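The values are calculated or read from the model by the stated rules, or taken from the named source; none is laboratory data. In this text the structure is predicted, and so the values were computed from the model without any measurement. No Cβ is skipped: glycine too gets one built from the backbone with ideal geometry, and neighbour counts run over all protein chains shown. Surface accessibility is based on the protein's heavy atoms, side chains included, excluding ligands, DNA and RNA. Shrake-Rupley method; radii C 1.70, N 1.55, O 1.52, S 1.80 Å.
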Amino acid sequence: MKDSIANNSTASISQARKAVEQLKMEACMDRIKVSKAAADLMAYCDAHIREDPLIMPVPASENPFREKKFFCTIL
Amino acid sequence: MCDQTFVAATFGPCESCGNASPLMNIYIKTDPINYCSFCVEMMACEGLQRGETLATLKTESQSLKKRLDEERNKLNDVELHQVAEKVEVLGALSIKTKRVLKGHGNKVLCMDWCKDKRRLVSSSQDGKVIVWDAFTLNKEHGVTLPCTWVMACAYAPSGCAVACGGLDNKCSVFPLSLDKNENLSAKKKSVAMHTNYLSGCTFTNSDMQILTSSGDGTCALWDVESGQLLQSFHGHTADVLSLDLAPSETGNTFVSGGCDKKANVWDMRSGQNIQSFENHESDINCVKYYPSGDAFASASDDATCRFYDLRADREVAVYQKDSVIFGASSVDFSMSGRLLFAGYNDYTINVWDVLKGSRVSILYGHENRISRVRVSPDGTALCSASWDNTLRIWA
């Protein structure tokens with residue numbers, strides 16, 4: 001009985017200690033401003049948007065999913 | 001409560017007291033220590049004598065959390081959608097169902113594209129895993145697993161194997177052969193072993209390693225050839241439902257999301273949790289990296305999808321609407337990262353403008369909840385898997 005109580009408190013202590021260590025590590029991280037991060041995300045989108053087939057549709061002949069398939073041949 | 005994979009994995013003499021007993025393989029500052037559970041408790045009590053009590057540790061963690069929030073808020077000088085106001089509005093999208101893949105006998109739970117942009121693998125509740133050719137609707141391979149609810153499946157980068165798993169608590173790899181008559185089940189290789197269901201799996205940049213996430217609260221990295229555990233990732237306090245690998249070749253990080261409402265970013269080599277985000281109000285069902293690798297999105301049961309920037313270390317956008325009340329189960333970005341496709345439990349897929357935060361389009365067609373959405377590797381199509389037993393290809 002005593003062991004299980006000790007077990008609970010040591011487990012929660014080790015958990016709490018782990019949480020404190022984790023938070024200390026996270027607090028030391030180098031962060032950049034949201035304005036810079038947002039600008040980089042926008043620049044990436046801008047650079048790749050022309051190649052995005054779902055936004056700028058590629059002609060049907062080059063898109064294998066859009067091409068019309070003919071199942072009957074006219075004899 | 002979830003049971004975690006690290007309890008009593010080996011049996012042998014304890015390094016502290018010398019008695020032979022089940023050992024807890026724990027790490028102290030990356031040094032592995034193999035103590036029996038009694039010695040571990042003694043070690044934890046030593047800390048107690050140094051004046052730390054649960055209460056002091058708790059107050060310390062509260063103050064650290066506050067400090068962390070303050071640091072993060074200092075850099076929040078502008079919102080993403082404000083910066084994005086000068087970006088052009090997207091034109092109307094013309095995305096329609098182009099293929100319907102029928103063949104599964106029960107709910108389709110997961111799917112993954114092959115790098116050749118035309119094949120895909122899907123898994124369902126009845127234990128079947130099918131490899132399809134999306135152009136011709138041909139079923140190329142089919143395997144039946146002995147378990148039901150195959151919740152995770154992944155295609156190997158080479159296209160020569162598929163990995164899948166679910167309620168059997170393990171991840172199995174099947175090499176795909178060109179011989180149609182060959183029994184794929186015979187060549188099955190069990191790679192990962194967890195103590196609860198497998199929720200997600202993905203190959204790393206080669207066929208040789210697999211990253212898995214499980215209902216036991218851990219993620220793990222395995223060697224396919226030997227089945228050996230290379231690294232395990234502990235930190236979630238509930239089931240881990242999803243994971244995604246960072247896109248770049250040199251990237252060694254992955255993000256995971258779970259039922260503890262947290263999204264964690266991990267370093268694959270050290271096993272460390274580098275960043276953690278707790279913004280959602282309910283379970284996180286899916287996480288996916290932005291194509292540049294600097295951000296990721298998450299989908300949750302709280303009916304929102306959120307966008308986090310890793311370098312700014314905060315959530316930068318929330319994709320929600322009052323009319324959207326059902327949980328989101330899956331997200332994926334289009335190739336440029338401008339569109340976010342999110343599958344919901346109300347049978348629809350909402351398409352969000354990532355930068356502006358507005359909804360661009362709704363895709364209707366499925367007759368039951370969406371379990372997974374994935375954009376093809378070249379960005380030409382979107383595949384959605386649903387509980388209505390079908391997969392749809394949208395282009």
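Evaluation of B:L101 against the conditions (1) open to solvent by less than 60 Å² (accessible area, probe 1.4 Å); (2) farther than 30 Å from B:S206 by Cα; (3) in the same structural domain as B:Y347 (by the TED database) shows that the sole unmet condition is (2).
Only residues that are open to solvent by 40 Å² or more (accessible area, probe 1.4 Å) and over 32 Å from the mean Cα position of the chain (by Cα) were counted in the range B:14-34, giving 6. The set of residues in the range B:290-309 being part of a strand (DSSP E or B) and open to solvent by less than 10 Å² (accessible area, probe 1.4 Å) consists of B:A295, B:F296, B:A297, B:S298, B:A299, B:S300, B:C305, B:F307, B:Y308, B:D309.
For the subset of the range A:1-13 comprising residues that are of a type in the set (G, A, S) and open to solvent by less than 40 Å² (accessible area, probe 1.4 Å), which member is modelled with the highest pLDDT? The qualifying residue modelled with the highest pLDDT is A:S12.
So that you can scan it fast, the table gives a plain yes or no per residue for (1) in contact with a strand residue (DSSP E or B) (Cβ under 7 Å, 6 or more places away or on another chain); (2) modelled with pLDDT under 80; (3) crowded, with 18+ Cβ neighbours inside 10 Å; (4) not basic (K, R):
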residue	(1), (2), (3), (4)
A:C28	no, no, no, yes
A:A37	yes, no, yes, yes
A:C45	no, no, yes, yes
A:I49	no, no, yes, yes
A:L54	yes, no, yes, yes
A:F65	yes, no, yes, yes
A:C72	no, yes, no, yes
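Quick check on B:V121: is it in contact with a Cys (Cβ under 6 Å, 6 or more places away or on another chain) and surrounded by 14 or more Cβ atoms within 10 Å (Cβ to Cβ)? So B:V121 passes the test.
As for the range B:320-334, it holds at least one residue that is under 27 Å from A:R50 (Cβ atoms) and either at pLDDT below 95 or part of a loop (DSSP other than H, G, I, E, B) (or both). Scanning the range A:27-55 for residues that are more than 20 Å from B:S276 (Cα to Cα) and more than 7 Å from chain B (Cβ to nearest Cβ) yields A:K36, A:A43, A:D46, A:A47, A:R50. Of the strands (runs of 3 or more DSSP E) entirely within the range B:160-257, none holds at least 1 residues that are farther than 25 Å from B:D116 by Cα, acidic (D, E) and under 15 Å from the mean Cα position of the chain (by Cα). As a summary of the residue check, B:W352 satisfies the conditions (1) within 21 Å of A:S35 (Cβ to Cβ); (2) open to solvent by less than 10 Å² (accessible area, probe 1.4 Å) except for the one numbered (1). Exactly one residue out of B:S206, B:S172, B:S190 is open to solvent by 20 Å² or more (accessible area, probe 1.4 Å) and modelled with pLDDT of 90 or more, and it is B:S190.
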